[in-house]
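*Asks:* The following block contains the structure, expressed as structure tokens.
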Amino acid sequence: TGKLQEMNYGIVHYDSPDERGIDVALLYNKCNFNPLFSRPIPILFPFDSSDRTRDILYVKGLLDDDDSLHIFINHWPSRWGGQEKTAPARNFVAGILKKTCDSIFTENKEANIIIMGDFNDNPTDESLAEELNALMPKQNPPTDALYNLMLAPYKRGVGSYYYSYGKEWNMLDQIIVSGNLLKPSSNIRTTHQEGQIFKAEWMSYMNNDSIMVPSRTKGSKYYGGYSDHFPVHFELIKQR
């Protein structure tokens, strides 16, 4: 639209080998963020070479031309076929991401890392809690560790995706940051409390359980929306 064009947005995107043609991308404001380097991180399963999924998108850039950010955009393998059966695929992707982050921490223990996307697992599942080791946020944490901003809301029963068969909210969409972004003394930081879920009436409808869920399109049912997930977001604060 015209309004989006006026905002001077840029996009970082690579075609992935995903079987359904799904990709991940980073949309950014050119006035605030300057990408310096990007690459797709391919996912090749050793236990099933024929199974292809979305790459992880890695973008390194400058925020306001002086603070480095490492951003990872994710869309991990789905739960189609059962959570337990598909868990090894997500655990494997988590391991690749963890090794990549560890290599960044080896060079700089105070690296600013942001990991976000649809993980198709909850914050307490093995892939995120153990393989990636994304912890509960706290004040003044070790900088070379990862913290899940959606863990606390999930433990309160809040979620971004309503699982109709289980009649419960899942937190499949998450934002994970490195410890340096939680320190009050950091040049750029976020609140140590938690990320937020954006829920608005215009993007929702009442389902059969009398729950307001994201509008979606599925099969012959069209609700005027784009996704069956609510978006998640957080705020970065820049020290002046």
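The values are calculated or read from the model by the stated rules, or taken from the named source; none is laboratory data. This structure is a prediction, so every number in the text was calculated from the model and none was measured. Cβ coordinates were reconstructed from backbone atoms using ideal geometry, including for glycine residues, and neighbour counts include every protein chain displayed. These area figures cover heavy atoms from the full protein model, side chains too; ligands, DNA and RNA do not enter into them. Shrake-Rupley method; radii C 1.70, N 1.55, O 1.52, S 1.80 Å.
*Asks:* Which one is nearest to the chain's Cα centre (by Cα) among residues in the stretch 181-201 that are under 17 Å from Met136 (Cβ atoms) and open to solvent by less than 20 Å² (accessible area, probe 1.4 Å)?
*Replies:* For the stretch 181-201, the residue satisfying everything is Gly195.
*Asks:* On to the next question. Can you run down the residue pairs with Cβ atoms below 6 Å, 6 or more apart or on separate chains, where the first is in the stretch 16-27 and in contact (Cβ under 8 Å) with a residue 60 or more places away in the chain and the partner is open to solvent by less than 30 Å² (accessible area, probe 1.4 Å) and among the β-branched types (Val, Ile, Thr)?
*Replies:* Val24/Ile73
*Asks:* For the stretch 130-240, please list each of the strands (runs of 3 or more DSSP E) lying entirely inside it that holds at least 3 residues being touching an Asp or Glu at 6+ places or on another chain (Cβ under 9 Å).
*Replies:* Numbers: elements: 146-148, 161-163, 168-170, 173-178, 204-206, 212-214.
Passing ranges, in order: 173-178, 212-214.
*Asks:* Which ones in the stretch 202-235 are open to solvent by 60 Å² or more (accessible area, probe 1.4 Å) and among the hydrophobic types (A, V, I, L, M, F, W, C)?
*Replies:* Passing the criteria: Trp202, Met206, Met212.
*Asks:* Can you tell me which residue in the stretch 111-137 is surrounded by the fewest Cβ atoms within 10 Å (Cβ to Cβ), limited to those that are aliphatic (A, V, I, L, M), within 18 Å of Leu57 (Cα to Cα) and free of Cβ contacts under 8 Å to residues at least 60 places away in the same chain? Let's see the steps before the verdict.
*Replies:* Looking only at the stretch 111-137, we keep the residues that are aliphatic (A, V, I, L, M), and these are 111, 113-116, 128-129, 132, 134-136.
Checking the rest, the ones that are also within 18 Å of Leu57 (Cα to Cα) come to 111, 113-116, 128, 132.
Applying the additional criterion that residues be free of Cβ contacts under 8 Å to residues at least 60 places away in the same chain yields 128, 132.
Numbers: Leu128: 27, Leu132: 25.
Checking each candidate, the answer is Leu132.
*Asks:* State whether the residues of the stretch 138-153 include one that is over 14 Å from Asp228 (Cβ atoms), open to solvent by 60 Å² or more (accessible area, probe 1.4 Å) and without any contact (Cβ under 8 Å) to a residue 24 or more places away in the chain. Steps first, answer last, please.
*Replies:* Residues of the stretch 138-153 that are over 14 Å from Asp228 (Cβ atoms), as a first pass: 138-153.
Then keep just the ones that are open to solvent by 60 Å² or more (accessible area, probe 1.4 Å); that gives 138-140, 142, 144.
Filter again for without any contact (Cβ under 8 Å) to a residue 24 or more places away in the chain, leaving none.
Scanning the stretch 138-153, I find no residue that is over 14 Å from Asp228 (Cβ atoms), open to solvent by 60 Å² or more (accessible area, probe 1.4 Å) and without any contact (Cβ under 8 Å) to a residue 24 or more places away in the chain, so the answer is no.
*Asks:* Hey, which of the strands (runs of 3 or more DSSP E) in the stretch 6-104, taking only ones fully inside, have at least 3 residues that are more than 19 Å from the chain's Cα centre (by Cα)? I'd like the intermediate steps shown before the answer.
*Replies:* Details: elements: 9-13, 25-29, 33-41, 56-63, 67-75.
Answer list for the stretch 6-104: 33-41.
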